[in-house]
Amino acid sequence: MSEQNSNSHKTLRDEALYILKTNSRDHRYTVPSDRLYPYQWNWDSGFIALGYAAYDIDRALTELDSLMDGQWQNGMVPHIVFHEFEEHYAPGPLDWQVPSHLTAKPGVCTSGITQPPIIGTVLARIYASCPDKEAYHLRFATLYTHVKAYHEWFMTKRTSAPAHDLVKSLHPWESGMDNLPCWDKLVDDVPRGDISQFRRKDLKGDNAAQRPHDSDYHAYMSLVYHYRAIGYDSIELLPQAHFKVYDLVLNSLLLRSAHDMAQLAQDIKPEDQAYWQAQIHTLTQGMQKLWSEEHQAFLNQNAFDGQFLMPLSCASFLPLFARAANETQAAALAKLYTKWREIYPYSVPTTDPESPKFEIERYWRGPIWVNTNWMISEGFAAYGYQDIADTIKADTRALIEEHGFYEYFTPEGAKGLGANHFSWSAALALYWLF
Ligand code: DGY
C-alpha cells in the first residue's frame, strides 16, 4: 500500500470510529443513523458488532446483549427494539402495539416481525477474535443460548409440515431488502387496510427518489396492522399471513449461522453438535429448492404457489455465503456476477441491471450495499473465486473513499445515497476494508 493510501485509510478508519461513537446510545446499542433510523435494528446491530469487535470486544458483546433485551418469550429477535421513544421514525411502538407478555423482559417495546439472522455468525466471529475467551465465557454462553432459541423459533414457527426445511418471511421488511422488485407482485396483492393513522417519516429533504413508494408503504403498514390484529405470536399468523416468501436472505443467513453456531458449540456446548448438524442438513437440502435450472441462479420463491420470484437480485448470490451451493452452481453464479460487472463499473447491484425493474437510485432496487457486498465477497472467496471476492472488496472500498460512509451507492459510482454516516457501512469498513 502506498503511503498516501495508508494515510487516507487511517483517516477513513478514524471517521468510521467517530461514526460508531456518535451513533452509539448509552454505550449499549447503536442506531443505524441519527435521523433516518433512530432505534436499534436487528441485522444492523449484527454488522455493527463486527465493527466494534475490531477494537473493543466488550462493546461488541454489549451491542448483542442490548438487542437481546428485546427478544421475545418464544425466541424471536424482533427487527426493531425501541429502547427510547423517538419522534423521527415511523412505524414506532404505538403502531406496532406488541403486547407486553410477548417480550421476555418487562417494559421493552419492539416491532412484531424479525430480520435476517446474522447474529449467530457475528457471535462466532467475535468469539474467534476474542483474546481472552475465559474471561468472557459466561457472556458468550448466555448469548449462545439466546441465539439458539432464535434458531429454534425460526425452525418451528416459520416452517411448515411436512418438510420444515425452509423458513418463510411474512413481510418485505423481514428480508431486510424492503422494496426488492422480487416482492412487487406479492406487495400488489396485499389487501390494503385503513392506514389513515400512519404518517411516513422517512421522506427527508429530497430523498423520495431513493426511498420506497407510498403504495409500498400502504402494503407494509396494512401487513403490520393485520398481524397486530392477529396478535403476532399465534398459530393463526402463518395461515393468515398476506405475504409469504421462501426468502433467500433469511434462509441463507440462518444456514450460515447454523454452521457458525456449530463451530461455537464445540467450545460452548459440545452436546449441541447433533442439533446443529441436523439443522445444517435440513436447510442445505431446502436451499436446493430455490435453485432455478432455467435461470442458473438461486431465486426467492412465492410460498403461496411455489413460483419463483423474478428478477435476479444480489440475494441470488447469498447461498454462497451459506455454503449451500455446489461447485456447478457456484460457477454459474460467478458467470452471472461477471456479466453484471461488465454493465457497471462497481458491484454488486441489488437488482439484475438488465431487468426493466432496475432503478439506479431507489433503495433495494438497484444500488450497492456494503453489507451484501461483504457477504457475497466472502461467499465467492469460500468457493475459490478470490478474484471476484477481491473485486467486490475493491469496489466497496473505492465507493467509500469517493463518497463516504453512505447507506448505499449507485453502481455507476456517481453517488452515495440514503443516510450518510451510516453505522454498518462504518462498522464493516473497520472489520473488512481498511
Ligand atoms: C425502514 O424503515 O426503511 C426499514 O428498512 C424498515 O425496517
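The values are calculated or read from the model by the stated rules, or taken from the named source; none is laboratory data. Computed from a predicted structure; not experimentally measured. Don't worry about glycine lacking a Cβ; one is built from the backbone with ideal geometry, like all the others, and counts go over all protein chains shown.
Just one residue in the set A90, A60 is within 20 Å of I118 (Cα to Cα) and among the small types (G, A, S); that residue is A60. Here the range 77-97 is the region considered, the condition is being within 15 Å of the ligand (Cβ to nearest atom) and of a type in the set (A, V, I, L, M), and the residue that is nearest to R25 (Cα to Cα) is V81. From (1) within 17 Å of K393 (Cα to Cα); (2) in a loop (DSSP other than H, G, I, E, B), pick out the condition that doesn't hold for T338. With (1) within 17 Å of K393 (Cα to Cα); (2) in a loop (DSSP other than H, G, I, E, B) applied to T338, the lone miss is (2).
Under the condition of being under 23 Å from the mean Cα position of the chain (by Cα) and either of a type in the set (D, E) or within 16 Å of T328 (Cα to Cα) (or both), the residues counted in the range 264-284 number 1.
Taken over the range 24-52, the criterion of being away from the ligand (no atom under 16 Å from the Cβ) and either modelled with pLDDT under 95 or in a helix (DSSP H, G or I) (or both) is satisfied by A49, L50, G51, Y52. Just one of the listed residues (E354, E342, E361) is surrounded by fewer than 24 Cβ atoms within 10 Å (Cβ to Cβ), over 22 Å from W183 (Cα atoms) and among the charged types (D, E, K, R), namely E342. Evaluate the following for L143: is it hydrophobic (A, V, I, L, M, F, W, C) and either within 19 Å of the chain's Cα centre (by Cα) or more than 18 Å from A90 (Cβ to Cβ) (or both)? Yes; evaluated as a whole, the condition is true for this residue. Scanning the range 298-335 for residues that are of a type in the set (G, A, S), in a loop (DSSP other than H, G, I, E, B) and buried (at least 23 other Cβ atoms within 10 Å of the Cβ) gives A322, A324, A325. Those residues that are in contact (Cβ under 8 Å) with a residue 60 or more places away in the chain and out of contact with any His (no Cβ under 8 Å at 6 or more places or on another chain), I need them from the range 19-35; list them, please. Passing the criteria: L20, T30, V31, P32. Residue check: is K393 modelled with pLDDT of 95 or more, closer than 22 Å to N179 by Cα and either polar (S, T, N, Q) or more than 16 Å from the ligand (Cβ to nearest atom) (or both)? Answer is no for this residue. With respect to H151, is the statement that it is surrounded by fewer than 23 Cβ atoms within 10 Å (Cβ to Cβ), in a helix (DSSP H, G or I) and under 17 Å from the mean Cα position of the chain (by Cα) true? So H151 passes the test.
What number of residues in the range 314-360 are of a type in the set (K, R) and within 21 Å of Q285 (Cα to Cα)? Number satisfying all stated conditions: 1. Scoring T142 on the criteria (1) away from the ligand (no atom under 16 Å from the Cβ); (2) in contact with a strand residue (DSSP E or B) (Cβ under 8 Å, 6 or more places away or on another chain) leaves a single failure, condition (2).
Check the range 338-349 and report whether any residue there is over 19 Å from the mean Cα position of the chain (by Cα) and among the hydrophobic types (A, V, I, L, M, F, W, C). Within the range 338-349 (the criterion being over 19 Å from the mean Cα position of the chain (by Cα) and among the hydrophobic types (A, V, I, L, M, F, W, C)), the answer is yes, since at least one residue qualifies. Only one of the numbered conditions (1) farther than 29 Å from W374 by Cβ; (2) more than 15 Å from the ligand (Cβ to nearest atom); (3) at pLDDT 95 or above; (4) in contact with a Leu (Cβ under 7 Å, 6 or more places away or on another chain) is violated by Y227, and that is (2).
For the range 151-170, the condition of being under 30 Å from P353 (Cα atoms) and within 16 Å of the ligand (Cβ to nearest atom) holds for at least one residue. Do the conditions hold for K289, that is, is it among the basic types (K, R) and either under 17 Å from N179 (Cα atoms) or surrounded by 22 or more Cβ atoms within 10 Å (Cβ to Cβ) (or both)? Taking the combined requirement at face value, the residue does not satisfy it.
Listed by position, the helices (runs of 4 or more DSSP H) contained in the range 168-254 that have at least 3 residues being over 21 Å from T351 (Cα atoms) and hydrophobic (A, V, I, L, M, F, W, C) are 214-230.
Taking the criterion of being surrounded by fewer than 20 Cβ atoms within 10 Å (Cβ to Cβ), part of a loop (DSSP other than H, G, I, E, B) and either within 16 Å of the ligand (Cβ to nearest atom) or in contact (Cβ under 8 Å) with a residue 60 or more places away in the chain (or both), the only residue of the range 100-130 that qualifies is C130. Evaluating G231 against the criteria (1) on the phi > 0 side of the Ramachandran plot; (2) under 21 Å from the mean Cα position of the chain (by Cα) leaves one unmet condition, (2). Identify, please: which residue in the range 133-148 is in a loop (DSSP other than H, G, I, E, B) and touching a residue at least 40 places away in the same chain (Cβ under 8 Å) and is, among those, nearest to N74 (Cα to Cα)? It comes out as Y136.
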